[in-house]
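Some notes on the structure that comes next.
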Amino acid sequence: MKWSEMFTSSIGKKLVMSLTGIFLILFLIVHVSLNACIWAMDGGEMFNKGAHFMGSNVVPRILEVGLFAGLLLHIIQGFMLEFQNRSKRRQGYAVAMGSKGSKWYSRSMGILGSLILIFLVVHISDFWFPNRSNQGFLLGEEINLYDKMQVTFQELWVVILYIAGCISLAWHLLHGFQSAFRTLGVSNKKYLALLNATGIGFSIIIPFVFAMMPVSFYMGWV
Amino acid sequence: MEHYMMNLTLKVWRQKNANDKGGFESYPVKNISSEMSFLEMIDVLNEELIRDGKDPIAFDHDCREGICGACSMYIDGRPHGPWEQNTTCQLHMRAYKDGDTITIEPWRANAFPVIKDLIVDRSAFDRIIQAGGYISVNTGNAVDANAMPVEKDKADAAFAAAACIGCGACVAACKNSSALLFVSAKVSHLALLPQGSPERKSRALNMVAQMDKEGFGACTNTGACEAVCPKGISITNIARLNAEFSLAALVSQ
Ligand code: HEM
Ligand code: SF4
Ligand code: FES
């Protein structure tokens, strides 16, 4: 079987979703850890040091290209799967099955993903884009991202939008985390139970910590 | 359980043939015993329709004891009706009470086109089996049943997967019309046994390829299939098939 045949089969497409999804989960761990430096109570010094390293060192900047590639692949494959899967039942049911046997968020990965995408467009144009364009997209001088956050999160609607983005991410991951490992072929009940529990913890804690960032700025906690 | 009689209203999908647009028809059914099976209740209605010179409702059935997988009906928003791990033919009228309205639809999936009324064409499943759901055996005398040792755990898991009756409820329940629960049951059943090992890799690759060709969707792991499966096939089998497929694809030339 050629690579192209493997990754265009129904299971192969899900492998792409799963691998890019796990890659994005790993990115979230890095992102949340670095951003947690805003709570160092040092006027953003530690946070800006971290942000500076990520923006000025070649290694994270190369990884950044990989991140965008992975994200793009996940989004495009996600939408394609969603549309292809929807087209497999031309005539629907008069009485919908609804939640008999499945959770609403597991059936709404496309919608939840779209909500995350809307959030990401706003989020990237709030911070990443102004910073990188200031750098000439190479390794030029960065803007003070802590101050930028301070200003951005004074607007209530921005804070609400960020919280909504985090909630969408939480639901997306609540199904996606364990699903990704099933797609990879983990069928051992012992490990599935472990992954399930880890997934629930991850999906609640990580988006919650993210959501507390704009809240902290808005409430003047940092 | 106490015996009782009931009057019901059925809303049934009627469609003359594959090209007909089709639509719902309502039928009152009277004096139905709580001890009848669901299919017997439809038999009663059909007798009446025939007596009135009308076309009886076409539906699939064969064994009427929950083992052949023919009785495909989507009843009130659930394949095989309201009971857990149950086929339509084993659903009994004590599940209903006087005055109930029951809506009956055929399985809906592009890969299962309607032939007439509630009967759909499930030959796609046969072609998936033909693509790899078999094993090679030597001709000659039958081997002694216990000649080949099989671990108890594996024998049990293989047997649980082999319980799949190919009814298609998993496809009917899935938002993607995915057939992965069915295919994973068939692949697991043989992959776990030494008898299935010669074609283990080609089986996973070929059955998945045929499944895709037939127009079933991809799996989102929602679990709706497992919830309606009359034989309790676990979605763990799907994870096993994912591994079988990926490993076979990676090592193939
Ligand atoms: C940017 C917009 C996003 C879109 C449009 C999107 C879309 C999707 C869709 C449609 C699926 C389900 C595919 C299927 O099961 O058929 C999915 C699965 C998944 N997504 Fe996303 N997603 C997005 C962002 C994210 C992010 C930020 C993460 C993680 C941090 C993520 C992690 C996952 C995981 C782990 C899965 C499960 C893969 C599997 O079931 O094997 N997604 N995504
Ligand atoms: S897996 Fe279950 S629902 Fe699907 S065809 Fe087999 S018996 Fe029917
Ligand atoms: S008629 Fe055979 S399983 Fe229902």
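The values are calculated or read from the model by the stated rules, or taken from the named source; none is laboratory data. What you are looking at is a predicted structure, and each value in this text was computed from that prediction instead of being measured. Note that we place each Cβ from the backbone using ideal geometry, even for glycine, and neighbour counts take in every protein chain shown. Just so you know, the surface numbers come from the protein's heavy atoms only, side chains and all, with ligands and any DNA or RNA stripped out. Shrake-Rupley method; radii C 1.70, N 1.55, O 1.52, S 1.80 Å.
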Review point. Just wondering, is there one or more residues in region A:87-100 that are in a helix (DSSP H, G or I) and free of Cβ contacts under 8 Å to residues at least 40 places away in the same chain?
Key: no
Check your understanding: Is it the case that A:Leu195 is open to solvent by 60 Å² or more (accessible area, probe 1.4 Å), farther than 30 Å from A:Glu155 by Cα and in contact with a helix residue (DSSP H, G or I) (Cβ under 9 Å, 6 or more places away or on another chain)?
Key -> no
Review point. If you scan region B:194-205, which residues turn out to be more than 16 Å from B:Asn242 (Cβ to Cβ) and open to solvent by 40 Å² or more (accessible area, probe 1.4 Å)?
Key: B:Pro194, B:Gln195, B:Ser197, B:Pro198, B:Ser202
Review point. If we keep just the residues of region B:1-21 that are open to solvent by 70 Å² or more (accessible area, probe 1.4 Å) and not in a loop (DSSP other than H, G, I, E, B), which is nearest to B:Ala95 (Cα to Cα)?
Key: B:Met5
Practice item. State which residue pairs qualify: first residue on the phi < 0 side of the Ramachandran plot and open to solvent by less than 20 Å² (accessible area, probe 1.4 Å) and inside region B:227-244, second residue more than 16 Å from ligand 3 (Cβ to nearest atom) and among the aromatic types (Phe, Trp, Tyr) in any location, beta carbons under 9 Å apart, and separation of 6 or more residues or different chains. Key: B:Ala239/A:Phe181
Practice item. Give region A:89-113 a look and list any residue that's open to solvent by less than 50 Å² (accessible area, probe 1.4 Å) and either within 7 Å of chain B (Cβ to nearest Cβ) or charged (D, E, K, R) (or both), or say none. Key: A:Arg89, A:Gly92, A:Tyr93, A:Val95, A:Met97, A:Gly98, A:Gly101, A:Ser102, A:Ser106, A:Met109
Revision key, fill the gap. Of the residues in region A:166-190, those that are part of a helix (DSSP H, G or I) and facing chain B (nearest Cβ under 10 Å) come to A:His175, A:Gly176, A:Gln178, A:Ser179, A:Ala180, A:Phe181, A:Arg182, A:Thr183, A:Leu184, A:Lys189
**Study point:** Flag for A:Ser18 being within 14 Å of another protein chain (Cβ to nearest Cβ), more than 23 Å from A:Leu139 (Cα to Cα), open to solvent by less than 40 Å² (accessible area, probe 1.4 Å) and over 20 Å from the mean Cα position of the chain (by Cα)
**Key:** no
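The rows are residues; the columns are (1) open to solvent by 70 Å² or more (accessible area, probe 1.4 Å); (2) within 29 Å of B:Phe24 (Cα to Cα).
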{"position": "B:Leu118", "(1), (2)": "no, yes"}
{"position": "B:Asp121", "(1), (2)": "no, yes"}
{"position": "B:Ala131", "(1), (2)": "no, no"}
{"position": "B:Pro149", "(1), (2)": "yes, no"}
{"position": "B:Ile165", "(1), (2)": "no, yes"}
{"position": "B:Cys170", "(1), (2)": "no, yes"}
{"position": "B:Ser178", "(1), (2)": "no, yes"}
{"position": "B:Leu181", "(1), (2)": "no, no"}
Exercise for review: Identify the residue in region B:143-185 that is within 11 Å of chain A (Cβ to nearest Cβ) and more than 15 Å from B:Met207 (Cβ to Cβ) and, among all such residues, is nearest to ligand 3 (Cβ to nearest atom).
Suggested key: B:Ala169
Exercise for review: Just give me the residues in region A:39-54 being in contact (Cβ under 8 Å) with a residue 12 or more places away in the chain and small (Gly, Ala, Ser), in sequence order.
Suggested key: A:Gly43, A:Gly44, A:Gly50, A:Ala51
Practice item. Say whether the condition of being free of Cβ contacts under 8 Å to residues at least 24 places away in the same chain, within 26 Å of A:Gly199 (Cα to Cα) and of a type in the set (Phe, Trp, Tyr) is met by at least one residue in region A:55-68. Key: yes
Review point. Residue check: is A:Tyr105 touching a helix residue (DSSP H, G or I) at 6+ places or on another chain (Cβ under 7 Å) and under 20 Å from A:Phe83 (Cβ atoms)?
Key: yes
Check your understanding: Which residues, counting only those in region A:134-154, are modelled with pLDDT of 95 or more and assigned to a helix (DSSP H, G or I)?
Key -> A:Leu145, A:Tyr146, A:Asp147, A:Lys148, A:Met149, A:Gln150, A:Val151, A:Thr152
Review point. List pairs: first in region B:60-87 and under 17 Å from B:Leu8 (Cβ atoms) and of a type in the set (A, V, I, L, M, F, W, C), second within 12 Å of ligand 2 (Cβ to nearest atom) and open to solvent by less than 10 Å² (accessible area, probe 1.4 Å), Cβ under 8 Å, 6+ apart or cross-chain?
Key: B:Met73/B:Pro79; B:Met73/B:His80; B:Met73/B:Thr88; B:Ile75/B:Thr88
Exercise for review: Starting from residues that are surrounded by 18 or more Cβ atoms within 10 Å (Cβ to Cβ) and more than 14 Å from chain A (Cβ to nearest Cβ), keep the ones in region B:62-87 and report whichever is nearest to ligand 1 (Cβ to nearest atom).
Suggested key: B:Gly69
Review point. Can you find a residue in region A:44-51 that is more than 16 Å from the chain's Cα centre (by Cα), open to solvent by 60 Å² or more (accessible area, probe 1.4 Å), more than 16 Å from ligand 2 (Cβ to nearest atom) and under 26 Å from A:Pro207 (Cβ atoms)?
Key: yes
